[in-house]
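First the structure, in the form of structure tokens, and then the observations on it.
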Amino acid sequence: DPGSGELYECPICSLTCADIQILEEHVELHLEEHSFSEGGDRRDLELAQQLQTEEDEWQRSEEERREREEFKKLQRQYGLDNSGGYKQQFLKNMEREVNRGRMQPFEYHRRKADMMECLAFGIDDGKTRISGVIEALCKHYQNESKDVRHVWLSAGVDHFHSSLGDRGWGCGYRNFQMLLSSLLQNSLYNDCLKDTTLIPSLPKIQSMIEDAWKEGFDPHGASHFNNRLHGSKAWIGACEIYSLLTSLRIKCQIIDFHKPTGPGGTHPRLFEWVLRYYSTDNEGGAKVVCTSKPPIYLQHQGHSRTIVGIEEKKNKTLCLLLFDPGCPSHEMQKLLKQNSDGSSLKLLRRFVGSLKEKQYQIVAVDGVLSLEEKAARCHASQVLTSEKIP
């Protein structure tokens, strides 16, 4: 009753009213305000959840885009992007040389005709080949290199360097050509290589590796290349070299130096293994030992080379002698000259401190396989193809 003088207190904010109806209206305003606030909170929460969902979807989309770009980058890097192979790169680089005035059009057409003929017959054109280096090294060490106590050299091997058609990706194939050039000079391998009397071209080597895969060698590795190398710029490594050699009945093994074994990330055990390979059955007091051992294929991340010998210095340190496919002919030609100061040997020498990649693999040849042994190795390669050095 407004005239009774009684006071009424709001249960929410403790406001005192003299009229009960005014208090009821006041409390209803409180309730309406609370209801509106709850609805606003719900709308804010829904908006925040929507924004977070959109952010998550954008991040997933960006991650997928980056992964696609990275995959395409790797495909380009390893020659698996369907951009063509040896022939396409050769022609494109020659066209670039003509456009820059470094090659005359008639030279372009002549070299194109020569290339097409070599590819048709599956043989290398020999234009990046240097012969006689091992023989020159043998003479040099006999007459010079006073700091060398012993040196072991592989059997004769030709050097092959990359050309306009395989620059940037062909090192594995060029190293196979080097190894094959040595095996072709050894009568022990005549029967294995009766169908390969001339050095094959790079596309031919790709086809030969594909044939090894078809026989059942290294199905896991084959799947990495989608069972196809020919017509691509795909990089190859130790497993592909092993499969190819074994398919030809050439006995070989992969040795995996999967971690450094010396200070500063070095691999002294690799050097010791190479020393045993060349010096076993070739021991004696001679300073220079020209062995009958084939060269060794050496692989690490991004590149491969060929080991053609090893030096033992008078202070007992070891030094590998390497043929690098990246070394051009005019540099290798220097090794054919009798250079008394031995400065040209810098092209070949690699000391323990020079090889500091995380991992190395070598493929070493050691004889001929019977058909039964070949079949057994084909089966084994489907499970394991390398031995790890602890």
request  = In a Gaussian network model over the chain where Cα atoms closer than 10 Å are linked, find which of V133, V151, V98 has the largest mean-square fluctuation.
outcome  = V98
ask   = Principal axis lengths of the stretch 242-328 from Cα atoms, whole Å, largest first?
value = 40, 34, 29
task = With a bin width of 10 angstrom, please list the P(r) values of the stretch 250-390 as percents of all Cα-Cα pairs, from the 0 bin to the one holding the largest distance.
result = 10, 36, 35, 16, 3, 0
ask   = If amide H atoms are built 1.01 Å from N in the plane of the peptide, which residues on other chains or at least 5 residues away come under 5 Å of the amide H of R149?
value = E312, K313, K314
query = Dividing the convex hull volume of the alpha carbon atoms of the stretch 187-291 by its residue count, what do you get in Å³ per residue?
reply = 163
request  = Throw me the Rg/Rh for the stretch 49-189, computed over C-alpha atoms with Kirkwood Rh, two decimals.
outcome  = 1.22
message = For the pairs K127/K337; K204/K293; K127/K259; K293/K358; K112/K337; K293/K337, flag any whose C-alpha to C-alpha distance is greater than 30 Å.
response = K127/K259; K112/K337
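Expressed in nm to one decimal, what extension gain is obtained for the pair C10 and T280 from 0.36 nm per residue of sequence separation less their Cα-Cα distance? Mind showing how you got there, number by number?
Values: separation 270, 0.36 × 270 = 97.20 nm, distance 10.46 nm.
Fully extending the segment from C10 to T280 adds 86.7 nm.
Let me check I've understood the local charge: for E373, count other residues with C-beta under 15 angstrom from its C-beta, Lys and Arg +1, Asp and Glu -1. What total comes out? Provide the component values of the computation, followed by the final result.
Details: positive: R249, K251, K374, R377; negative: D191, E215, D366, E372.
Once positives and negatives cancel, what remains is 0.
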key: Positive minus negative residues near T246 (Lys, Arg vs Asp, Glu; Cβ under 14 Å)   = -2
request  = Determine the per residue accessible area of the stretch 128-388 with all protein chains present and a 1.4 angstrom probe, expressed in square angstrom.
outcome  = 43
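I'd like the carbon and sulfur percentage of the solvent accessible area for the chain, probe radius 1.4 Å, heavy atoms only, ligands and nucleic acids excluded. Numbers along the way, then the final one.
On the way: 10580 of 21150 Å².
Roughly 50 percent of what the probe reaches on the chain is carbon or sulfur.
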inquiry  = With angles folded into 0 to 90 degrees, how steeply does helix 238-247 sit against the dominant principal axis of the chain? Use alpha carbons for both and round to 10.
reply    = 50
remark   = For the chain, longest principal axis from Cα atoms; helix 371-381 axis from its Cα atoms; angle between them, nearest 10 degrees, is 20
query = How big is the Kirkwood radius of the chain, worked out from every pair of different alpha carbons and given in Å to one decimal?
reply = 25.5
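Only helical DSSP H runs with n ≥ 4 go in: add -39500 (n - 2.57) per run for the chain, normalise by residue count and round the 222 nm mean residue ellipticity to 500 deg cm²/dmol. Numbers along the way, then the final one.
Numbers: 11 runs with 169 residues, N = 390.
Result for the chain: -14500 deg cm²/dmol, rounded to the nearest 500.
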request  = On a 0 to 90° scale, report how tilted helix 105-121 is relative to the longest principal axis of the chain, with both axes built from alpha carbons and the result rounded to the nearest 10.
outcome  = 80
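The values are calculated or read from the model by the stated rules, or taken from the named source; none is laboratory data. Keep in mind the model is a prediction, meaning the values are calculated, not measured. Cβ: placed from backbone, ideal geometry, glycine included. Neighbour counts: every protein chain shown. Surface accessibility is based on the protein's heavy atoms, side chains included, excluding ligands, DNA and RNA. Shrake-Rupley method; radii C 1.70, N 1.55, O 1.52, S 1.80 Å.
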